[in-house]
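Here's the structure, in structure tokens; my notes come after.
The values are calculated or read from the model by the stated rules, or taken from the named source; none is laboratory data. Predicted, not measured: the structure shown is a model, and the values here were computed from it. All Cβ positions, glycine included, derive from the backbone under ideal geometry; neighbour counts span all protein chains shown.
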């Protein structure tokens, strides 16, 4: 063995790590797109900024879609903003597409100014009081139009070939829209470092033998989300016992959702991307509602204002907080085919990595090169918390290669 070479390599590695930690950020980070970004960067943004040598890190938020972190990086004050519409708008923002899409954010589109098409509304930091990660401050009215630097989509942009029709916010109204998506890949750098797990959620009124259900099978999900059943009493598990009778309410996401694309890929494991539209059925008889983001989806399941959520089932990023004392006290996260066996995030991540839990999307970061620090940070599973997984942890080969997943995993090795 060449000990001199080994020693020099080790010293060089330490030097590079120290250099990376001491190199302060030079500009703000504006993350836009998938609604799962809110919870993810709320939980992990401080760790990333600290890894870049930033100090005096403070947090604030506005509602359930807008988050901001302020930090001192070298001699500069840097803001890390994360906000969302849906995955597809990450694609639009990085491509500079104007706001012609029905129901799409248009706040930053200025006639005659093509640069505005690359911008989206983020928190106006001057309206914020600041707190900590565990007790963030709050921000009030107003938004800044900022250029999107990281476009986050839970699937490749080319996968959005969906259609949806109904109220913008499902049972909450918001105005009728008819959204048909056809999105191309923006001509920018892209990396796919992370796997985002999704989960199914039910209103606590969805019962069997009088108790809220704790699991749902693949076969029953196909029946529900293809519009073939309209009452829970039509659903049976392997024991042959029907669920308790009540109307079934399917809460879905509007076209352009990476979560929706991942649902369709999961439930159509033997198909190809061109057939996705079979799941995009119209709002009908109060039993099917499309929702424009994760927070509206969770309100649809949980109930909100005059909407009770009775009999509702939906799906969202797995790290939504539910139950007593949370924003969604009438909601339960349920297992998928009995997996994970205990509903905690570490077990969900392990089941996903081992090939037992197959409802997830591959996070695509547009505008970010694979060598960018934010991509290399996410490529290392030691840097952030479960239930998310680094792509390098996926050590099995997936049978389906639909574009919503973007790739298969065959024994990759983490950094």
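Can you name the condition, by its number, that residue 207 falls short on among (1) at pLDDT 95 or above; (2) buried (at least 16 other Cβ atoms within 10 Å of the Cβ); (3) more than 26 Å from residue 346 (Cα to Cα); (4) in contact with a helix residue (DSSP H, G or I) (Cβ under 6 Å, 6 or more places away or on another chain)?
(4)
Whether any residue in region 195-210 is in a loop (DSSP other than H, G, I, E, B), outside the structural domain of residue 71 (by TED's automatic domain parsing) and under 30 Å from residue 62 (Cβ atoms) is what I want to check.
yes
Would you confirm, using the coordinates I've provided, whether residue 357 is within 24 Å of residue 302 (Cβ to Cβ) and part of a loop (DSSP other than H, G, I, E, B)?
Yes.
From the list 177, 235, which one is modelled with pLDDT of 85 or more and over 25 Å from residue 389 (Cα atoms)?
The match here is 235.
For region 242-256, does any single residue satisfy the condition of being crowded, with 22+ Cβ neighbours inside 10 Å and within 29 Å of residue 392 (Cβ to Cβ)?
So far as region 242-256 goes, yes, one or more of its residues are crowded, with 22+ Cβ neighbours inside 10 Å and within 29 Å of residue 392 (Cβ to Cβ).
Before we move on, is residue 152 farther than 25 Å from residue 40 by Cβ and in contact with a strand residue (DSSP E or B) (Cβ under 9 Å, 6 or more places away or on another chain)?
Judged against the criteria, residue 152 is not a match.
Determine if region 311-325 includes at least one residue that is out of contact with any strand residue (DSSP E or B) (no Cβ under 6 Å at 6 or more places or on another chain), buried (at least 19 other Cβ atoms within 10 Å of the Cβ) and assigned to a loop (DSSP other than H, G, I, E, B).
Yes, because at least one residue in region 311-325 is out of contact with any strand residue (DSSP E or B) (no Cβ under 6 Å at 6 or more places or on another chain), buried (at least 19 other Cβ atoms within 10 Å of the Cβ) and assigned to a loop (DSSP other than H, G, I, E, B).
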